[in-house]
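In what follows, a single structure is set out as structure tokens and then discussed.
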Amino acid sequence: MKVESRVPAHTRLRHAVEFHDGPADQLARAVAFARATVRRGEQLAVALPAAVETAVFEAVGHAGVVALTAPYGPSGGSGQTTAATWARELRALVQSDAGVTVLCGHDPVHDGVDGGYWTELDAALNVSLADLPVDLVCLYPAWPLHLEVLEGARANHPYVRQGGTPVPNPEHRCPLEVLRGRERAAPLVLGPPDVTYRYNSWQLHEVRRMVARLAPALGFDPVRSEDLVLAVNEIATNAVEHGAPQAEIHLWATTGGLVCEVHDAGELEEPLPGLTAPHPAEPRGRGVWIARQLCDLLHVWQDRSGTHVRLHATP
């Protein structure tokens, strides 16, 4: 599967990390930062552990402060999906060049087995928010449980806040470079799929037909069913056009909607596909981006067998 996304040449995002000494210090820093931001009259968005977020709202109130969507699930999160979701929400908040200030806090609940979620999230934010006037400050522990969390935080942030002032981070690297050297974990195993179908480019109509037949039974209305068919078709088409002559699709019909995985034997050249909208002049390369806008989760990963994409859409 060959899919590409580009980091805009002119980056407006200012992404900084600030290290804390534990949960109590994280909470104190978050409240102080929020108070200072609100006092300056700036628009504030927060994505913090539940207890910290509650303390922030108690300290500054809800006027001018927005809570971003929490990561998808406590154990099955995707940094790509969280970044895409926050990008949509922040684009809606940005009304002028004044932009938005965002405070994000590390939460060990989402560490997973190795802490890689946070490395992927920050790298994906560097891509998805690059053209937005956003000041993003991430609070990370100086001594996390997983060394990956600390290494990722050091590599992904162009700035480090010291004494409240952002200074250039000499350890910062390009987000694509950060991720190319790391394996991204597969999502949680779901068990045997309800439908498995191996297809080629001539059989894409069958893929669309299967999804269109399942959607109404799962509670999707006609408009949402069309969205679902379009999203799956974009990913399924990518797999056989850019990956390998044949691909395989797995479908799970759940009480929470439809889960779909597309697997092909191709090589993934871009580790963060579909996080930025393609330029209108580009006739191709927009399939993954479209699918991300239509689904609740879209996670791309690669292993020795090829490239894999999981979609999850709710009615």
Fill in: Antiparallel bridges, percent of DSSP beta bridges restricted to the chain (to nearest 5)
60 percent
Response to the item:
Of the candidate values (i) 30, 23, 18; (ii) 35, 20, 19; (iii) 45, 37, 19, the one computed for semi-axes √(5λ) of the Cα gyration tensor in Å from this structure is (ii)
Worksheet entry | Residue-normalised accessible area of the chain, given per residue in Å² at a 1.4 Å probe | 46 Å²
Worksheet item: For ARG39 and ASP303 in one chain, what is 0.36 nm times their gap in residues minus the Cα-Cα distance, to one decimal in nm?
Response: 90.2 nm
Worksheet item: What residue among LEU188, LEU147, LEU214 shows peak mean-square fluctuation when the chain is described by a Gaussian network model with Cα springs under 10 Å?
Response: LEU188
Discussion item. From the protein chains alone at 1.4 Å, what is the descending order of accessible area for ARG154, ARG304, largest first?
Written reply: ARG304, ARG154
Worksheet entry | Projected label distance in nm at VAL167 and TYR197, using a 7 Å step from Cα toward the beta-carbon | 5.9 nm
Discussion item. Compute a Gaussian network model of the chain, connecting alpha carbons closer than 10 Å, and tell me which residue from VAL38, VAL189, VAL207 fluctuates the most.
Written reply: VAL189
Worksheet item: With r defined as the distance between the Cβ atoms of THR69 and ASP21 and R0 fixed at 30 Å, what FRET efficiency is calculated, to the nearest 0.05?
Response: 0.60
Worksheet item: Does segment 27-142 come out rounded, prolate or oblate, given a ≥ b ≥ c as the square roots of the eigenvalues of its C-alpha gyration tensor, rounded meaning a/c under 1.5 and, failing that, prolate meaning a/b above b/c?
Response: oblate
Discussion item. Under the rule a/c < 1.5 gives rounded, and otherwise a/b versus b/c splits prolate from oblate, where does segment 181-315 land using the Cα gyration tensor?
Written reply: rounded
Worksheet entry | C-alpha long axis of helix 50-60 to longest principal axis of the chain, angle in ° | 50 degrees
Worksheet item: How many angstrom lie between the C-alpha centres of segment 39-91 and segment 132-177?
Response: 18 Å
Practice prompt. With a 1.4 Å probe and every protein chain kept in, tell me what percent of the accessible surface of the chain is carbon plus sulfur.
Written response: 55 percent
Worksheet item: Highest GNM mean-square fluctuation, the chain, Cα pairs closer than 10 Å: which of GLU148, GLU58, GLU241?
Response: GLU58
Fill in: Estimated [θ] at 222 nm from DSSP helical runs (n ≥ 4, -39500 (n - 2.57)) normalised by residues in the chain, nearest 500
-11000 deg cm²/dmol
Worksheet, complete the sentence: Once amide hydrogens are built 1.01 Å from N within the peptide plane, the residues lying 5 or more places from LEU132 or on another chain with amide H under 5 Å from its amide H are ARG12, LEU13
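The values are calculated or read from the model by the stated rules, or taken from the named source; none is laboratory data. Keep in mind the model is a prediction, meaning the values are calculated, not measured. Cβ atoms come from the backbone with ideal geometry, glycine included; neighbour counts cover every protein chain shown. Heavy atoms of the whole protein, side chains included, go into the accessibility calculation; ligands, DNA and RNA do not. Shrake-Rupley method; radii C 1.70, N 1.55, O 1.52, S 1.80 Å.
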